[in-house]
Amino acid sequence: MANLLVLLYYSRHLDKPTYGTYQNFWTQLYFIYPLACFGIHVLITTYAPGTILKLAKTVSIKQYLLYGMWLCLLSGGFAWLQVDSLQAGWLIPLLFMITFAMGIITESFLIVFKNIKGLLIINSGYALGYLAIHKMVLDNAFTQRGVFLYLLILNCLRLVSSLIMLGVSARQLEKDDTEEIRTVKEIRTLWLHMGFYDILQSVSSWIDKFLVSILLTAAASAIYFNGTQNVPFLPLILSASGSAVLIQMNRVKAKDENTNLMQLMNHSARYLSNIVFPLMFFLMFFRYELFAVLLPGYQEAVPVFFVMLFILPFRTYSFITVFQKLHKGHLSTTGAVGELVLACLLMYPLYKWLGLPGLALSFIISSYTQFVYYFYHISRLLKTKAYNLVPLSNWAVKLLIFIPLFAFLHYLVTSFFQTRVSLLLGIVAMIVTILVALFVEIRNSKNGDIAQQNEI
């Protein structure tokens, strides 16, 4: 939410070159930080607390020092990229990357340790500070150096607070008995695969923005960045859903893994579709109104935004969760490599043909190809047909309802109301649709559980 508010606020108050330079910092940060974390944060959420604590104790001082050198090396590369554009020297971006990556890893520990209250306090405070800093700097003669200096201080406070809570949580879980029996070799193999996969996913998600930030003007970067924005909250919801499935699977017996995993993934997909589908069709039909009201001056980004919306249907399914749990990281890695290679091959010809929307289209095509590959291998791992992995009939009914609903709604409100009112009515309708869909899903799920118990 804080990122979204800053994006809207700065898009209105900064000229495109200045705003593009500001966003280039974040683009390059998000492109590089997975290299700095190298899958450690992903591996942490795969295992039970007892296993994680045991692993942390087996890491030697030499290995910690080697990781520290790796982190400093990548942070130095990131700082080098910022020296000219940021005009703030190398120290601020260097420390920013270090504290940012360490914060990601520390939060992963807190998630596994289920310190939800601590996470809520820290992140709420961080979000408020994030907003306050951006407004304060803009109100007092905006400079790139000023905003990132204050954000670095905020990062340090957040990291120190997380480390303190982590120490408290670790002491409370010293006698945890949920340790999984996995060999060091097995864990290391999974870590390497997951780390490589996480890097590939990040490269795939950010390489287009990264290349635009380096090769094109800051103004073009601003347009492309706003057009390719992730829909707020969806990545977090998907990540939380996948983490929840993994945590629930921690106590499932090995012989029941396949059945329970398929049921949980199917159940998760049904619920996520109640959020993703209404949101997707609202954004498709109201895209021009959305940019006219929230991002005036960025109408050139609408075609890019429209193309990127076609990735949303697959946000209802967390493919990587299955590979994580079944220790088949090599499959996710192969799929990620294939997606990235195909996207890179398509980027230049599609850019020459369609311009900036062509860059976005190259990743839509490669992502659809990757999803076919994942469905094939997941069906083999779980020993079932591919169509059993997703609730097809459930999705089909929702598509038949949501598409005509939002098409008619858009036609109706835009025929009688001005842009702002039309957008507001569309947002209200979307929220109501999501709530009603979730209510119906919950009711149907409860009725299904009762019927199943009666049969037993």
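The values are calculated or read from the model by the stated rules, or taken from the named source; none is laboratory data. Nothing here was measured: the structure is a model prediction, and the numbers come from that model. Heavy atoms of the whole protein, side chains included, go into the accessibility calculation; ligands, DNA and RNA do not. Shrake-Rupley method; radii C 1.70, N 1.55, O 1.52, S 1.80 Å.
Along segment 268-281 the Karplus relation, 6.51 cos²θ - 1.76 cosθ + 1.60 evaluated at θ = phi - 60°, assigns HN-Hα couplings of 4, 5, 4, 6, 5, 5, 5, 9, 5, 5, x, 5, 4, 6 Hz to successive residues, with x for each Gly and Pro. For the listed residue pairs 57/328; 114/385; 54/385, the alpha carbons are over 27 angstrom apart in 114/385; 54/385.
When the residues 442, 311 are ordered by accessible surface, computed with a 1.4 Å probe over the protein chains alone, the sequence from largest down reads 442, 311. In the structure shown, the pairs 16/352; 398/446; 209/398; 62/185 are assessed against 26 Å; a Cα-Cα span above that value is assigned to 209/398. The apolar share of the surface of the chain, taken as the fraction of accessible area on carbon and sulfur atoms (1.4 Å probe, ligands and nucleic acids excluded), comes to 68 percent. The listed residues 193, 134, once ranked by accessible area (1.4 Å probe) with the largest placed first, stand as 193, 134. Per residue, the chain exposes 50 Å² of solvent-accessible protein surface, assessed with a 1.4 angstrom probe and all protein chains in place.
With Kirkwood's inverse mean 1/r over C-alpha pairs for Rh, give me the Rg to Rh ratio of segment 42-191, two decimals please.
Details: Rg = 18.1 Å, Rh = 17.4 Å.
That ratio is 1.04, to two decimals.
222 nm [θ] for the chain, helices only, -39500 (n - 2.57) per DSSP H run of 4+, per residue, to 500? Helix-only estimate at 222 nm: -28000 deg cm²/dmol. The structure shown yields mean projected area of the Cα convex hull in nm², and of the options (1) 23.3; (2) 33.2; (3) 21.3 that calculated value carries the label (1).
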